Amino acid sequence: MATYDSNNIFAKILRGEIPCHKVYEDDIALVFMDVMPQSPGHALIVPKAPSRNVLDADPAVLAKILPLVQKIAIASKKAFAADGITVWQLNEPAGGQTVFHLHYHVIPRYDGKPLQSHSGKMEDAAVLKANADKLKAALT
């Protein structure tokens, strides 16, 4: 298995080297908006403990992160009046992973509306900020 690269973009975000539209943070994880959302409100949950993906993650971290994934999913469904929520966690290139730091996608979904592509086109910062604020409000 490949080793963890501490210079991946999520590690840099966790260290504050790259800005993000933060939704939530505790001692376990950081939640922020995906800059290339596949649906309005697409958020990422990134554990602070370094691991490439679920295949090499500490089981104790995994046990602590899932309740946060659930909390964000419930808040996202409420905040964005979604019909459903997709939670993704991808592992290795063949599994669709492109950033090699364990993370979970929480994506609001709507009946009859397909996901946008994760194309490399970044969303407007004002839209990301507004969506982060909506999700934060739903967490309280």
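The values are calculated or read from the model by the stated rules, or taken from the named source; none is laboratory data. Predicted model, so just to flag it, every value in this text is computed and none were measured. Because the Cβ atoms are built from the backbone with ideal geometry, glycine has one as well, and the counts that use them run over all protein chains shown. Ligands, DNA and RNA are stripped out before the accessible areas are found, and what is left, the full protein with its side chains, is counted by its heavy atoms. Shrake-Rupley method; radii C 1.70, N 1.55, O 1.52, S 1.80 Å.
So residue 16 clears everything in (1) touching a residue at least 60 places away in the same chain (Cβ under 8 Å); (2) of a type in the set (Gly, Ala, Ser); (3) on the phi > 0 side of the Ramachandran plot except one condition, right? Which one?
With (1) touching a residue at least 60 places away in the same chain (Cβ under 8 Å); (2) of a type in the set (Gly, Ala, Ser); (3) on the phi > 0 side of the Ramachandran plot applied to residue 16, the lone miss is (1).
So in segment 50-82, with the set limited to residues that are of a type in the set (S, T, N, Q) and in a helix (DSSP H, G or I), which one is least open to solvent (accessible area, probe 1.4 Å)?
Selected residue: 76.
Within segment 89-135, which residues are part of a helix (DSSP H, G or I), open to solvent by 80 Å² or more (accessible area, probe 1.4 Å) and either farther than 15 Å from residue 39 by Cβ or without any contact (Cβ under 8 Å) to a residue 12 or more places away in the chain (or both)?
Residues satisfying the conditions are 93, 94, 129.
Is it fair to say residue 85 is surrounded by 16 or more Cβ atoms within 10 Å (Cβ to Cβ) and in contact with a Phe, Trp or Tyr (Cβ under 7 Å, 6 or more places away or on another chain)?
No: the conditions fail for residue 85.
Restricting the search to segment 19-48, which residues are open to solvent by less than 60 Å² (accessible area, probe 1.4 Å) and free of Cβ contacts under 8 Å to residues at least 24 places away in the same chain?
20, 30
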